[in-house]
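**Q** Below are the structure tokens for one structure; questions will follow.
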Amino acid sequence: PASSALLVDPLWAYSACIGHISPRQGLILTLEDHRFEDGPGGRTSASIPDWSVEKIRRIGGDAVKVLAWYRPDAAPSVNRAQQDLVKRIGEDCARYDIPFLLEMLVYPLAKDAHQTKEYVEMKGKKSDDVLATVEEFAKPDYGVDVFKLESPVNAEDADGSADVQAIFDEMGRLAGRPWVMLSAGAGKPEFRKVLEHAFSAGASGFLAGRAIWLDAFNAYPDWAAIEAGLRGEGCDYMADISALADAKAANW
């Protein structure tokens, strides 16, 4: 009940939790497959098999969320594939009259020092790569209604400085539409600092998971401890960053 909306995936979460979601909360459903293809030229995404914008609309979804991995310096063929995928989804969202939330994440190429295939912030990422990605998908061709953006600097570098704020400000300018912040596995203190920068740059909120609930799940498989952590520290943190959003986020 503390959230204005919930993001769930259709494979596991939807059937388990739909009966527990209040009609007052927005229902956002994932379209992309968590599996992706890594090739010599970069990473490509795809939709979940036998799943579509039409089906999300049909079961009562309020918005479609898509993660598109992107590196401006990936192979041109890889970037065209990612661009074409997003365009098709944007067209489908317009056809079925449902909001399109696009999430973009930079990722390591073979030449990079920090390698990971996990859904985490890329260490050593370049702000220019994040900004160029936002600039590309802000074009009207893609039909994006809301951006779900990563920090343009590593979360631990969000230090409140004017230099970091200037990078966030540029990201907000490039977005050119409502945008919210993702946590990408950042810790609670680090993500709160990211939000301070983001709200100052015009972000309208957050769409985050692990920053809120991951600490509690470190108690696995002790389910009683997990629930206590979610109801305690997890809810306290949610209340804190929600109050921060109420006070400082941009009213879209």
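The values are calculated or read from the model by the stated rules, or taken from the named source; none is laboratory data. For clarity, every value in this text was computed on a predicted model and none was experimentally measured. Please note: Cβ atoms are built from the backbone with ideal geometry, for glycine as well, and neighbour counts cover all protein chains shown. For accessibility, only protein heavy atoms count, side chains too; no ligands or nucleic acids. Shrake-Rupley method; radii C 1.70, N 1.55, O 1.52, S 1.80 Å.
**Q** For the chain, what does the alpha-carbon gyration tensor say about shape, rounded, prolate or oblate, given a ≥ b ≥ c as the root eigenvalues, a/c under 1.5 as rounded, and a/b over b/c as prolate?
**A** Because its axes are fairly even, with a/c under 1.5, the chain counts as rounded.
**Q** Can you list the residues, at least 5 places off or on another chain, whose amide H is less than 5 Å from the amide H of LEU67, using H built in the peptide plane?
**A** Residues meeting the criterion, in which the H sits 1.01 Å from N, are LEU31, GLU32, GLU103.
**Q** Still on this structure: Which residue fluctuates most in the GNM of the chain (Cα springs below 10 Å): ALA203, ALA110, ALA211?
**A** ALA110
**Q** Evaluate E = 1/(1 + (r/R0)^6) for SER15 and LYS248, where r is the Cβ-Cβ distance and R0 equals 41 Å; express this FRET efficiency to the nearest 0.05.
**A** 0.65
**Q** Could you work out [θ]222 nm for the chain from helices alone, using -39500 (n - 2.57) per DSSP H run of at least four and dividing by all its residues? Round to the nearest 500 deg cm²/dmol.
**A** -11500 deg cm²/dmol
**Q** Can you pull the percent of the chain's accessible area that's carbon plus sulfur, 1.4 Å probe, other chains left in place?
**A** 53 percent
**Q** I'd like the FRET efficiency for ASP112 and ASP141, computed as 1/(1 + (r/R0)^6) with the beta carbon distance as r and R0 of 35 Å, rounded to 0.05.
**A** In this case the efficiency is close to 0.80.
**Q** Another question about this same structure. Cut-off 10 angstrom, C-alpha nodes, Gaussian network model of the chain. Which of LYS111, LYS126, LYS65 fluctuates the most?
**A** LYS111
**Q** Take the alpha-carbon centre of the range 28-45, take the same for the range 193-230, and report the distance between them in whole Å.
**A** 24 Å
**Q** Give me the extension gain from ALA132 to SER77: residue separation times 0.36 nm, minus the current Cα-Cα distance, reported in nm with one decimal.
**A** That works out to 18.1 nm of additional length.
**Q** Moving to a separate point now. I want to verify a result. In a Gaussian network model of the chain, Cα cutoff 10 Å, which of these has the top mean-square fluctuation: ARG24, ARG177, ARG192?
**A** Comparing ARG24, ARG177, ARG192 in the GNM, the peak value goes to ARG24.
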